[in-house]
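The values are calculated or read from the model by the stated rules, or taken from the named source; none is laboratory data. Just so we're clear, the structure is a prediction, and the values are computed from it rather than from any experiment. Cβ placement follows ideal geometry from the backbone for every residue including glycine, while neighbour counts extend to all protein chains displayed.
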Amino acid sequence: MDKISVALPKGRLAEETVELFVKKGICRAGVVDFSSRKLVFEDDENGVSFLLIRNMDIPTYVEHGAADLGVVGKDILAETRAAVYEFMDLGFGYCRLASAGIKGAENSYRQDMKIATKYPYLTKDFFAKRGYVVEVIKLYGSIEIAPVVGLSDFIVDLVSTGETMRKNGLAEVETIMESTARLIANKSSSRAKHGRVKEILGSLGLS
């Protein structure tokens, strides 16, 4: 039996994925200890290993063959444009990528805006299709304070409930895309381990 490695993003998506895999008989319960500092977990009985990785790095690990499969949000898959197979929508991890500005401001788009975001490619592409040339400022965290302190005119960031934005004095302007968790695969592994990959996809309901 071919061993399959699965890259998971640290946090809720990883927990939900493992729950799903246990339910479908792909791995045993308790194989991943989310309270530990370990990053690699082995289920030798079922021939599956799990790697806990920063979410933005999942497509890179899968594209370069460090993991056979991966679970990642559609937003990150679209941003990284990794050369991987996207096999299925897992149906959980819903969120939205949205633009936002200071609450109570006019918040109308204009040329030469400054946009703070973790998603430079999607941001530039979105505004370019609207006919706007923008300056993208890439940040890795605390995106919400960028307009408040004058670093940017708007932000583009993930929204779940919108509570964080509201607490920081921001208001959503527009949804750019919706995102859910996707199962992706390395192209070479999908051929070399075709039978095993097909077995897992079948267990998940994709024949």
Residues being within 22 Å of the chain's Cα centre (by Cα), surrounded by fewer than 18 Cβ atoms within 10 Å (Cβ to Cβ) and of a type outside the set (A, V, I, L, M, F, W, C) - total across segment 105-153: 7
Candidates D44, D57, filtered to the one that is crowded, with 16+ Cβ neighbours inside 10 Å and among the acidic types (D, E): D57
Some residue of segment 27-37 being surrounded by fewer than 20 Cβ atoms within 10 Å (Cβ to Cβ), of a type in the set (A, V, I, L, M, F, W, C), under 24 Å from A78 (Cβ atoms) and in the same structural domain as T80 (by TED's automatic domain parsing): no
Condition met for A67 (touching a helix residue (DSSP H, G or I) at 6+ places or on another chain (Cβ under 8 Å), assigned by TED's automatic domain parsing to the domain that holds R196 and either in a helix (DSSP H, G or I) or surrounded by fewer than 24 Cβ atoms within 10 Å (Cβ to Cβ) (or both)): no
Residues of segment 128-142 classified as outside any loop (DSSP other than H, G, I, E, B) and either of a type outside the set (D, E, K, R) or touching a residue at least 24 places away in the same chain (Cβ under 8 Å) (or both), total: 4
Residue check, T123 touching a helix residue (DSSP H, G or I) at 6+ places or on another chain (Cβ under 8 Å) and not assigned by TED's automatic domain parsing to the domain that holds Y85: no
Pairs, first at positive phi in segment 34-48, second not aliphatic (A, V, I, L, M), C-beta under 7 Å, six or more apart: G47/D2; G47/K3
Given (1) among the hydrophobic types (A, V, I, L, M, F, W, C); (2) closer than 30 Å to I26 by Cβ; (3) surrounded by fewer than 19 Cβ atoms within 10 Å (Cβ to Cβ); (4) at pLDDT below 95, index of the condition M177 fails: (4)
Test: residue in segment 163-176 that is among the small types (G, A, S) and without any contact (Cβ under 8 Å) to a residue 12 or more places away in the chain: no
Total residues in segment 197-207, condition surrounded by fewer than 19 Cβ atoms within 10 Å (Cβ to Cβ) and more than 15 Å from T17 (Cα to Cα): 5
Contacts under 6 angstrom Cβ, first residue in segment 58-71 being small (G, A, S), partner part of a loop (DSSP other than H, G, I, E, B), 6 or more apart: G65/N186
